Amino acid sequence: MLGSDIEQIKLKLSKPIALVGMMGAGKSHIGSALSQSLDLEFFDSDKEIEDKAGQSVADIFENFGETKFRDAEQNTILELLGRKPCVIATGGGAFVNDEIRAALLDKAIVIWLDADIDTLWQRVQKSKVRPLLHTEDPRARLQTLLEQRNPLYGQAHIHIDTSGQTRQPDVIKALYEFLNADNV
């Protein structure tokens, strides 16, 4: 059934698929696999920003501040939304921006990859490239961000819990069901 679901998705897909959610929710990993399954280009907005800036997100935060990074993030995501169908993994904070959120909800199929605090913490606690967690209590900061952002992420078209082992067929099935419910 998965093969026929993929073919139906390819036929019906007319705009990008955007993955939103907290750092550690699996946007880059799942996005890459999804793009391969659907034969679509994959873009990680943070990677696109790094390539354009010639430095890491952490360095952009340190050298220019979060505001400059968020401006670059907005420009990058709006540019990616102008492309043919593709898969876009957005940064964890992108969906907080009103303009980005409105554009994504209008011009893409938005999939919220959700995970509980314990799962997120397990996935990101050793990372040195998460500038928002460079605090005295990074887990508490992660919890605060999760509580602030979840109501916004909840506006996504599709919601998938990635706390457990999310498999590619789960994402394909949710996308197939969304596209066949005449939501687009």
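Values quoted throughout were computed directly from the atomic coordinates according to the rules given, and no laboratory measurement underlies them. Remember, it's a predicted structure, so these values are computed and weren't measured experimentally. Please note: Cβ atoms are built from the backbone with ideal geometry, for glycine as well, and neighbour counts cover all protein chains shown.
If contacts are Cα pairs under 8 angstrom and at least 6 residues apart, what is the relative contact order of the chain in percent?
Details: 257 pairs, mean separation 61.5, N = 184.
After rounding, I find 33 percent.
GNM remark for the chain: springs join alpha carbons under 10 Å apart, and the peak mean-square fluctuation among THR119, THR162, THR67 falls on THR67. Each residue, GLU41 and LYS10, gets one label point 7 Å from its Cα in the Cβ direction; the gap between the two is 1.8 nm.
Extending 7 Å from Cα along the Cβ direction at ARG83 and again at LEU2 yields two label points whose distance is 2.4 nm. Cross-link reach is defined here as a Cα-Cα straight distance under 25 Å, omitting same-chain residues fewer than 8 places apart; for LYS107 the lysines meeting it are LYS10, LYS12, LYS15, LYS27, LYS47, LYS52, LYS68, LYS84, LYS173.
Taking the highest mean first, how do the peptides 13-23, 91-101 order by number of other beta carbon atoms within 10 angstrom per residue? All intermediate terms of the calculation are to be shown ahead of the outcome.
On the way: 13-23: 23.3, 91-101: 19.0.
Peptide ranking by packing, descending: 13-23, 91-101.
With a Förster radius of 35 Å, plug the Cβ-Cβ distance of GLU136 and SER32 into 1/(1 + (r/R0)^6) and report the FRET value to the nearest 0.05. Could you put the intermediate results ahead of the total?
Working: r = 33 Å, r/R0 = 0.95.
E(calc), rounded to 0.05, equals 0.55.
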